[in-house]
Amino acid sequence: MEEILIELHLCKKIHTSEGDETLDVKIEIPRLGFITLFGQSGVGKTTLLRMIAGLTQPDSGFIKVGTEVWFDSIHKINIKPQYRNIGFVFQDYSLFPNMTVKEHLLYASQDKETSYISELLDVFHLKGLCNRKPGRLSGGQQQRLAVARALARKPQILLLDEPLSALDSETRQSLQHEIIQAHTNFQATTLLVSHDINEVYRLSDFVYVIENGKIQEQGKPGEVFNGTKIKPDIHLIGYIVGIENNILTVSVKNTIKKIIITCDELANLQINDKILIKESA
């Protein structure tokens, strides 16, 4: 049985496009898991991350991490953000304009361990940019720096708030690979907010779907996004997100499809390839 690191049950009144609503969420996150909160904009995904980080106070409930209680409304416990062992990557990066790449990592690092900083620079392809400030970095490089900085303090938990949403497809795919590598190398339990099924399927071990303030579905991405049959005489473009034996897993318009192919066809395909799916009556 997996060791559970985070247990929480939180309630918070939020304002949505449909009016006021109560976010009422209960989840468990295993140690070293990669978990995604999935749902449309405004359902409370970011609010939930901010409550875990201590940046937003829940109306009621609790957060327990290992043997520590970070928040408990009944017992009036609310640990300050700086005492919660987390790294947080915001949508807007929140970089310091006057600091270089290396200075960002050294500032965030608690022990200033140079070998660890060097490894972060390698994983996120920033070693040649050490002396550049954010204004001289591309959007993808800024996002790489934001994730590397969050990991520099060796967090127990890494919170990612739609970190790739503003990037082009090629840069997003590259950064997805680097995030997977960092998750494995640096052993932080990771909680991602996303509304991109392709991203969720590629990165996540487990997904919680939030709608109307509640968890509506949960499970492995392949179980949650099991898809429906494509209508006859429709041609759709999809992206390969998984290959196992002779079965392709393809993301098509926020739906996951399974396709059986021949060995010859398989030889020319790889993860992230774009393919045309067509069915006829």
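The values are calculated or read from the model by the stated rules, or taken from the named source; none is laboratory data. None of the values given here were measured: they were computed from a predicted structure. With ideal geometry, Cβ positions are generated from the backbone for all residues, glycine too; neighbour counts draw on all protein chains shown.
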The stretch 243-263 - residue that is of a type outside the set (S, T, Y) and either at pLDDT below 80 or not in a strand (DSSP E or B) (or both) and, of those, surrounded by the most Cβ atoms within 10 Å (Cβ to Cβ): I261
Lone qualifier among L37, L5, L49 - being surrounded by 22 or more Cβ atoms within 10 Å (Cβ to Cβ), among the hydrophobic types (A, V, I, L, M, F, W, C) and part of a strand (DSSP E or B): L37
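Residue by residue, here is whether (1) in a loop (DSSP other than H, G, I, E, B); (2) within 26 Å of Y208 (Cα to Cα); (3) among the β-branched types (V, I, T); (4) assigned by TED's automatic domain parsing to the domain that holds V65 holds:
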residue	(1), (2), (3), (4)
V147	no, yes, yes, yes
P155	yes, yes, no, yes
L158	no, yes, no, yes
A166	yes, yes, no, yes
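For the stretch 8-34, name all the residues that are surrounded by fewer than 21 Cβ atoms within 10 Å (Cβ to Cβ), touching a strand residue (DSSP E or B) at 6+ places or on another chain (Cβ under 7 Å) and under 12 Å from G213 (Cα atoms). Give the derivation first.
Start the filter on the stretch 8-34 by keeping residues that are surrounded by fewer than 21 Cβ atoms within 10 Å (Cβ to Cβ), which leaves 8-9, 11, 13-22, 24, 26-28, 30-33.
Retained after the next criterion (residues that are touching a strand residue (DSSP E or B) at 6+ places or on another chain (Cβ under 7 Å)): 8-9, 11, 13-14, 20-22, 24, 26-28, 30-33.
Passing the criteria: C11, K13, I14, D20, E21, T22, D24, K26.
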Enumeration of residues in the stretch 168-205 that are in contact with a strand residue (DSSP E or B) (Cβ under 6 Å, 6 or more places away or on another chain) and assigned to a loop (DSSP other than H, G, I, E, B): A188, S204, D205
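Out of curiosity, is L105 at pLDDT 95 or above and farther than 30 Å from E21 by Cβ? Lay out the reasoning, then the answer.
Values: at pLDDT 95 or above: yes; farther than 30 Å from E21 by Cβ: yes.
The answer is yes for L105.
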Residue that is modelled with the lowest pLDDT, among those in the stretch 219-242 that are part of a strand (DSSP E or B) and surrounded by 16 or more Cβ atoms within 10 Å (Cβ to Cβ): L236
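Say whether the condition of being outside any helix (DSSP H, G or I), under 25 Å from A53 (Cβ atoms) and among the β-branched types (V, I, T) is met by at least one residue in the stretch 114-127. Full working, then the answer.
First, pick out the residues of the stretch 114-127 that are outside any helix (DSSP H, G or I): 124-126.
Remaining after also requiring under 25 Å from A53 (Cβ atoms): 124, 126.
Okay, now just the ones that are also among the β-branched types (V, I, T), so none.
No: the stretch 114-127 contains no residue that is outside any helix (DSSP H, G or I), under 25 Å from A53 (Cβ atoms) and among the β-branched types (V, I, T).
With S73, S60 as the choices, which residue is in contact (Cβ under 8 Å) with a residue 40 or more places away in the chain, polar (S, T, N, Q), on the phi < 0 side of the Ramachandran plot and in contact with a Ser or Thr (Cβ under 6 Å, 6 or more places away or on another chain)? Spell out the reasoning first.
Details: S73 fails: in contact (Cβ under 8 Å) with a residue 40 or more places away in the chain.
Testing whether each residue is in contact (Cβ under 8 Å) with a residue 40 or more places away in the chain, polar (S, T, N, Q), on the phi < 0 side of the Ramachandran plot and in contact with a Ser or Thr (Cβ under 6 Å, 6 or more places away or on another chain) leaves just S60.
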Check on D24, within 28 Å of L203 (Cα to Cα), modelled with pLDDT of 95 or more and either in the same structural domain as Q142 (by TED's automatic domain parsing) or not in a strand (DSSP E or B) (or both): yes
Selection count where residues are of a type in the set (S, T, Y) and over 21 Å from I240 (Cβ atoms), scope the stretch 185-199: 2
